[in-house]
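The values are calculated or read from the model by the stated rules, or taken from the named source; none is laboratory data. Just so we're clear, the structure is a prediction, and the values are computed from it rather than from any experiment. Cβ placement follows ideal geometry from the backbone for every residue including glycine, while neighbour counts extend to all protein chains displayed.
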Amino acid sequence: MFRVFVGHSDDPDSQNAIAEVLQECSRSLVGSLPQAGILFTAIDFDHALILQRIQDAFPGIELIGGTTNGEISSILEFQQDSLTLMLFATDEVEIHSGIGRGASKNPALAAQEAIAQAKAKSASVPQLCLTFPDSLTSNGVLILEALKQSLGEYIPIIGGMTADDYTFDKTYQFFQGEVLSDSVPVLLFSGKLQFSHGVACGWTPISQRSRVTKVDGNVVYEIDGQRALDFYQHYLGEERFASNYSIYALAVFEDQNHFYLRAPNGYDQQSGSVKFFLDIPEQAVVQITDATRDDILSASETSLKNALADYPGVEPTAALLISCAARRRILGTLTRLEYQLVKLIYQRHYLVVVSMLMVKLLL
C-alpha cells in the first residue's frame, strides 16, 4: 500500500505553523509511520525549528525539500508565505534520501554524492528521482548531467530549484534535520511504484530565430553579432525589458522543433550582456519568448491531462505539481486557477504544489 498525507499552514509563526501541519498530518496518519516526506516553505520561516519538530514527530524520516515562491495544496489551495508538508507511508516502495554539498565548487560531484548516499540505503533499483537543488549557487546543467550518469539515462528526474521570493539573495535546501545552501538533495523511489508525468510551459517564441555568437557560460554577450541586451530591447523595448526581464526566457533549440528555456537573471548596461540562470551553448539557435495568463493555464491543463492519461494504474494516490516562480509572477492572483484545474481534472484530495525560482521538469 502507498499512502500520502498532506499538511498546510499559513500561520506566520513557525512554531504555530509546524504544529498545525503536524496535527493535520497525524489525524490522517492514524498511527501509521511515514517513511519519507517533502517539505516546502516560504523563505522567512525558522527552518531549523520546523525541521527539528518534524524529526521529533517522525524520527529517522527520509526528508528533503526547500524554500519556495508560493505554495498550493488541497488543504489551503494557493498561498504565499506558507508551509506545506507531504508525507509518504508505504510497505511496497522504498524511499531514501541523499545530499550533495558544495555544489558551487563541484556540481557534478555534489550530485553524484547525493545519489550514492541514497542508493547505498537500498538494494533495489531506483525508479524515480526527485531533486530540489540551490538555484543561485550551482550549475543546474552539470547537476543534471551527473544525476543522469549516476542513475542511468532512463530514470526520470523530476524537480526544480529552490527559491527566495524573487530577492535572488539566498535559498535553502532541506535534508533530514539540516538547513543547507549550495546543496543538492535527492529522494529516490524504488519498488512497486506506479507513476506518470506531464510537462508543458506555455511560453511561445516571439522574435526571429537568431544565433548566440558570444557567450561565457550563462552570460550571453552577443546574439547575431549584436549586444544581447540590444537584441532583447529591439523586440521588447528598453522599459518593458527592464521591468520584467526575468519572464522573457530564451528558447534554446535542440533541433528544428524542440527547445528548452533559459530565464534571464540580470543584465549589464555597460557590456550589453544578459545573464541567465543556466548555461547557453555558443552558436545555439535562440528566440525570445513570451507567455500570457491564458497560455500558462492552458499549458497547466495540458500537462495534467497528459500525466493522467499516461498513468499505468487504475487511479493515482497523489499528485505532485511543480510550477515556476515566473508563472506565478505572470498569473498573479490567477495562480489559484492552477489548483482549480488540478481539482477539476484530477478530483483527488492529495496535492502539493511548489512555485520555484526556476523549474526543470523531467530533467
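Remarks
- Members of the range 46-69 that are of a type in the set (A, V, I, L, M, F, W, C), more than 19 Å from the chain's Cα centre (by Cα) and surrounded by 15 or more Cβ atoms within 10 Å (Cβ to Cβ): Ile50, Leu51, Ile54, Ala57, Phe58, Ile61
- Any hit, the range 108-115, residues being farther than 22 Å from Asp182 by Cα, surrounded by fewer than 20 Cβ atoms within 10 Å (Cβ to Cβ) and free of Cβ contacts under 8 Å to residues at least 40 places away in the same chain: no
- Filtering the range 121-159 to residues that are of a type in the set (Gly, Ala, Ser), under 19 Å from Arg328 (Cα atoms) and touching a Gly at 6+ places or on another chain (Cβ under 9 Å) leaves only Ser135.
- Filtering the range 264-291 to residues that are polar (S, T, N, Q), touching a residue at least 24 places away in the same chain (Cβ under 8 Å) and in a loop (DSSP other than H, G, I, E, B) leaves Gln269, Ser271, Gln283.
- Residue in the range 296-303 that is crowded, with 19+ Cβ neighbours inside 10 Å, in contact (Cβ under 8 Å) with a residue 40 or more places away in the chain and touching a strand residue (DSSP E or B) at 6+ places or on another chain (Cβ under 7 Å) present: no
- Number of residues in the range 208-218 that are in contact with a strand residue (DSSP E or B) (Cβ under 8 Å, 6 or more places away or on another chain) and either part of a strand (DSSP E or B) or not assigned by TED's automatic domain parsing to the domain that holds Phe276 (or both) equals 6.
- Those residues of the range 85-113 which are outside any strand (DSSP E or B) and aliphatic (A, V, I, L, M), in sequence order: Ala103, Ala108, Leu109, Ala110, Ala111
- Search result, residues across the range 73-88 that are farther than 16 Å from Ile18 by Cα and surrounded by 21 or more Cβ atoms within 10 Å (Cβ to Cβ): Phe78, Phe88
For (1) modelled with pLDDT of 85 or more; (2) surrounded by fewer than 17 Cβ atoms within 10 Å (Cβ to Cβ), each residue gets a yes or a no:
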{"residue": "Pro312", "(1), (2)": "yes, yes"}
{"residue": "Leu320", "(1), (2)": "yes, no"}
{"residue": "Ile330", "(1), (2)": "yes, no"}
{"residue": "Lys343", "(1), (2)": "no, yes"}
{"residue": "Arg348", "(1), (2)": "no, yes"}
{"residue": "Val354", "(1), (2)": "no, no"}
{"residue": "Leu361", "(1), (2)": "no, no"}
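- When the range 37-93 is limited to residues that are out of contact with any Pro (no Cβ under 8 Å at 6 or more places or on another chain) and of a type in the set (Phe, Trp, Tyr), the one that is farthest from Arg329 (Cα to Cα) turns out to be Phe45.
- Selected residue (criterion: surrounded by the most Cβ atoms within 10 Å (Cβ to Cβ)) from residues of the range 225-266 that are touching a helix residue (DSSP H, G or I) at 6+ places or on another chain (Cβ under 6 Å) and at pLDDT 95 or above: Tyr232
- Residue check, Glu222 among the acidic types (Asp, Glu) and either in a loop (DSSP other than H, G, I, E, B) or at pLDDT below 95 (or both): no
- Every listed requirement among (1) out of contact with any Gly (no Cβ under 7 Å at 6 or more places or on another chain); (2) outside the structural domain of Gln340 (by TED's automatic domain parsing); (3) closer than 28 Å to Ala319 by Cβ is met by Asn257 save one, (3).
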